[in-house]
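Chemist: Structure in structure tokens, see below.
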Amino acid sequence: MTRAKHGRPVHHWRRDVVELAALFTSVAVADGVANLVGHGPDGPALLVISAVALAATAGFHTWWTRRHGHAPPAGDTDARSLPQGQQAGPSDERSATPETEPGQSALWRMRTTVKDEPGSLAALCTALAGRQVDILSLQTHPLAEGTVDEFLLRAPGGLMASELTKVVSLAGGTDTWIERADAHDLVDAPTRVLGLAARTALDAAELPLALRQLLGRCTIRQLPATPVGGGRGPAKVPVEGALEDTVMRLRAPEGGVITVERPYLPFTPTEFARARALVELDARLGPRVPHSQHVLTLPEGNEITVRRADTRDLEAAKAMHERCSARTLGMRYHGPVGDADRYLSHLLSPRFGRTLAVQTASGRLVGLGHLLWDGDETEVALLIEDKWQRRGVGGELLERLVAMAAEAGCESVYAVTQASNTGMVAAMRGLGLPLDYQIEEGTLVITARLPKGRAGSRLPYEVAQEQVGEPIARD
């Protein structure tokens with residue numbers, strides 16, 4: 001059994017059938033072994049041999065787990081995190097083979113620890129030069145137990161990650177981590193940090209995405225000081241934040257805590273300082289969203305305006321709640337209808353994602369679409385006023401939310417709804433993307449996988465002013 005994104009267990013009947021068949025097979029085999037041990041002439045010997053084999057298997061499993069305990073997530077490609085003094089094995093070589101021809105070059109990002117003594121870095125650079133590896137950039141992070149060096153390397157196309165790791169190890173490098181890089185990594189660190197700061201300054205919803213680009217593959221969660229459902233909030237974090245090996249905790253701009261976790265690679269003090277500076281910049285600038293609008297004509301001829309929304313739309317959103325039926329609110333919030341208003345401050349906050357609002361020509365709010373950052377995943381959610389359902393509003397909102405997710409570099413989006421919500425199911429199918437379904441006790445989770453290259457299919461709304469018209473005048 002696994003758990004869906006909404007927290008409820010999800011049964012997979014195929015897996016249950018396989019497990020049941022395996023159970024019956026195991027019982028039959030055990031019965032045969034018991035008869036052989038009890039009645040056969042070599043029963044005791046077989047029993048001793050089985051015990052030895054079981055102990056050897058357990059020992060091998062323990063050794064293998066410790067050996068790969070700090071490996072990067074299974075979804076990472078060409079990334080390896082090797083304990084001190086350990087070399088990549090055959091399986092590492094197969095998965096770390098460069099996707100280039102022998103005559104071409106390949107870019108690699110590498111981190112290793114060397115002794116903090118004269119000549120240690122020079123020996124490492126000399127060893128790399130001996131394998132025709134060009135060092136494009138280098139950053140050093142002095143620590144108490146040594147110096148962590150980060151390299152951007154250009155290596156011959158036929159040189160594998162395991163070979164590079166071996167060269168570094170022989171030159172004195174330990175705790176070596178290496179992964180494939182691309183042209184984006186050629187931008188020097190100060191320029192990249194300034195670009196991320198500018199991106200964050202324009203839109204408060206960009207902070208989690210900027211942190212992820214700054215720190216690489218990691219899981220980012222922001223917990224409000226007061227949970228929406230009540231109860232105790234997260235433990236307080238010092239003003240300067242806290243760094244604990246592979247986890248950093250930062251004080252969120254509006255209270256609460258931002259947790260960044262990267263289990264396969266410890267954070268350096270330099271990375272921690274950069275992340276803290278981005279969060280401090282976001283806090284000083286306060287809540288902000290780009291003010292843009294896009295006027296659409298529905299098939300029936302009515303014009304609607306789609307724009308970014310924030311907490312200043314709170315009262316208009318509450319008024320829309322009052323016009324929605326209990327069934328519509330129940331399908332959206334999956335709980336007591338009376339609690340619907342409690343979620344709006346969280347949903348409209350740019351700290352937790354992006355929100356699109358739909359308003360009529362008279363200015364009435366009739367629809368909301370949310371793109372919510374959920375750790376390393378992204379959730380989409382829609383609420384359309386009853387009188388405006390089945391008129392194409394939801395599909396229009398969803399298409400734009402998915403485009404925004406693709407522009408943000410998300411690999412997939414998911415929607416949590418009810419199996420009876422045929423409108424949401426139809427809207428997800430209308431995206432024309434591969435869909436996965438999980439259902440349990442009437443709750444349906446639909447995941448859409450975003451193809452690579454989709455990000456360029458639509459210009460960002462907040463940038464393409466010539467596409468979306470003049471900004472809305474906001475008080």
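Chemist: Roughly speaking, what % of Cα-Cα pairs in the stretch 100-250 are separated by over 27 Å, rounded to a whole number?
Modeler: Numbers: 4380 of 11325 pairs.
Value for the stretch 100-250 (Cα pairs over 27 Å): 39 percent.
Chemist: Moving on to the next point. What's the carbon and sulfur percent of the stretch 135-222's accessible surface, probe 1.4 angstrom, rounded to a whole number?
Modeler: Values: 2180 of 3710 Å².
The computed percentage sits at 59.
Chemist: Based on the Cα coordinates of the stretch 110-184, what is the per residue volume of their convex hull in Å³? Before the final figure, lay out each step's value.
Modeler: Working: hull volume 6.3 nm³, N = 75.
Per residue, the Cα convex hull of the stretch 110-184 comes to 84 Å³.
Chemist: By its C-alpha gyration tensor, with a ≥ b ≥ c as the square roots of the eigenvalues, how is the stretch 156-209 shaped: rounded for a/c under 1.5, else prolate for a/b larger than b/c, else oblate? Provide the component values of the computation, followed by the final result.
Modeler: Numbers: a/c = 3.35, a/b = 2.70, b/c = 1.24.
Since a/c reaches 1.5 and a/b is larger than b/c, the shape of the stretch 156-209 is classed as prolate.
Chemist: Place +1 on the Cβ of every Lys and Arg and -1 on the Cβ of every Asp and Glu in the stretch 315-420, take the dipole about the Cα centre, and give the residue among ILE384, HIS334, TYR414 whose Cα lies farthest towards its positive end.
Modeler: ILE384
Chemist: Let me ask something else. Going by average Cβ neighbours within 10 Å, how do the peptides 430-436, 403-409, 356-362 rank, with the highest at the top?
Modeler: On the way: 430-436: 13.3, 403-409: 20.0, 356-362: 17.3.
Order by mean packing, descending: 403-409, 356-362, 430-436.
Chemist: Follow-up question, since we're still on this one. If R0 is 35 Å, what FRET efficiency do you get for GLU300 and SER420 from their C-beta distance, rounded to 0.05? If you can, show how the numbers build up before the last one.
Modeler: On the way: r = 25 Å, r/R0 = 0.73.
Result of the calculation: an efficiency of 0.85.
Chemist: If I stretch the segment between GLU399 and ALA319 completely, what's the gain in nm (0.36 nm per residue apart, minus their alpha carbon distance), one decimal? Spell out each step's value before the answer.
Modeler: On the way: separation 80, 0.36 × 80 = 28.80 nm, distance 2.52 nm.
Difference between extended and current length: 26.3 nm.
Chemist: Here is a further query. Putting +1 on Lys and Arg Cβ atoms and -1 on Asp and Glu Cβ atoms, find which of GLY286, ALA309, VAL257 reaches farthest to the positive end of the dipole of the stretch 209-352.
Modeler: Positive-most Cα among the choices belongs to VAL257.
Chemist: Moving on. Please state the relative contact order of the stretch 362-411 as a whole percent: Cα pairs under 8 Å, 6+ residues apart?
Modeler: Values: 46 pairs, mean separation 17.1, N = 50.
Relative CO of the stretch 362-411 lands at 34 percent.
Chemist: Can I ask one more? Order 143-156, 248-261 from most to least packed using the mean count of other Cβ atoms within 10 Å. Can you show the working numbers first?
Modeler: Numbers: 143-156: 17.1, 248-261: 20.4.
The densest-packed peptide leads the list: 248-261, 143-156.
Chemist: If you take the square roots of the eigenvalues of the alpha-carbon gyration tensor of the stretch 216-336 and sort them as a ≥ b ≥ c, do you get rounded (a/c under 1.5), prolate (a/b over b/c) or oblate? Let's see the in-between values first.
Modeler: Values: a/c = 2.51, a/b = 1.87, b/c = 1.34.
Since a/c reaches 1.5 and a/b is larger than b/c, the shape of the stretch 216-336 is classed as prolate.
Chemist: While we're looking at this one, here's another question. Which value, in Å to one decimal place, does the Kirkwood hydrodynamic radius take for the stretch 307-352 when every pair of different Cα atoms is included? List each step's numbers first, then the result.
Modeler: Values: mean 1/r = 0.0907 Å⁻¹.
Roughly 11.0 Å, rounded to one decimal.
Chemist: Over the stretch 236-342, what is the relative contact order in whole percent, taking alpha-carbon pairs under 8 Å and six or more residues apart? Provide the component values of the computation, followed by the final result.
Modeler: Details: 102 pairs, mean separation 15.1, N = 107.
Result for the stretch 236-342 is 14 percent.
Chemist: Quick check: pseudo-label points 7 Å beyond the Cα along Cα→Cβ at ARG327 and LEU202, how many nm apart are they?
Modeler: Output for this residue pair reads 4.3 nm.
Chemist: Sticking with this structure for a sec: Per residue, what volume in Å³ does the convex hull of the Cα atoms of the stretch 168-272 enclose? The partial results should precede the final answer.
Modeler: Working: hull volume 14.5 nm³, N = 105.
Residue-normalised Cα hull volume stands at 138 Å³.
Chemist: In whole Hz, what ³J(HN,Hα) sequence does the stretch 239-251 give by Karplus (6.51, -1.76, 1.60; θ = phi - 60°), x for Gly and Pro?
Modeler: 4, 7, x, 9, 10, 10, 6, 9, 10, 10, 10, 10, 6
Chemist: How far is it, in nm, from the label point at GLN389 to the one at ARG449 when both lie 7 Å from their Cα along the line to the Cβ?
Modeler: Here the answer is 3.1 nm between the modelled labels.
Chemist: Same structure, new question: How high is the FRET efficiency from ASP436 to LEU143, r the C-beta distance, R0 41 Å, rounded to 0.05? List each step's numbers first, then the result.
Modeler: Working: r = 43 Å, r/R0 = 1.04.
So the FRET efficiency works out to roughly 0.45.
Chemist: If you take the beta carbon distance between ASP374 and ASP185 as r and set R0 to 25 Å, what does 1/(1 + (r/R0)^6) give as a FRET efficiency, to the nearest 0.05? Write down the numbers at each step before the final one.
Modeler: On the way: r = 27 Å, r/R0 = 1.08.
The formula returns an efficiency of 0.40 here.
Chemist: What nm value, rounded to one decimal, do you get for the distance between ALA225 and ALA242 when each label is placed 7 Å out toward the C-beta?
Modeler: 1.8 nm
The values are calculated or read from the model by the stated rules, or taken from the named source; none is laboratory data. Computed from a predicted structure; not experimentally measured. For neighbour counting, all protein chains shown are included, and Cβ atoms are generated from backbone atoms with ideal geometry for every residue, glycine included. Surface accessibility is based on the protein's heavy atoms, side chains included, excluding ligands, DNA and RNA. Shrake-Rupley method; radii C 1.70, N 1.55, O 1.52, S 1.80 Å.
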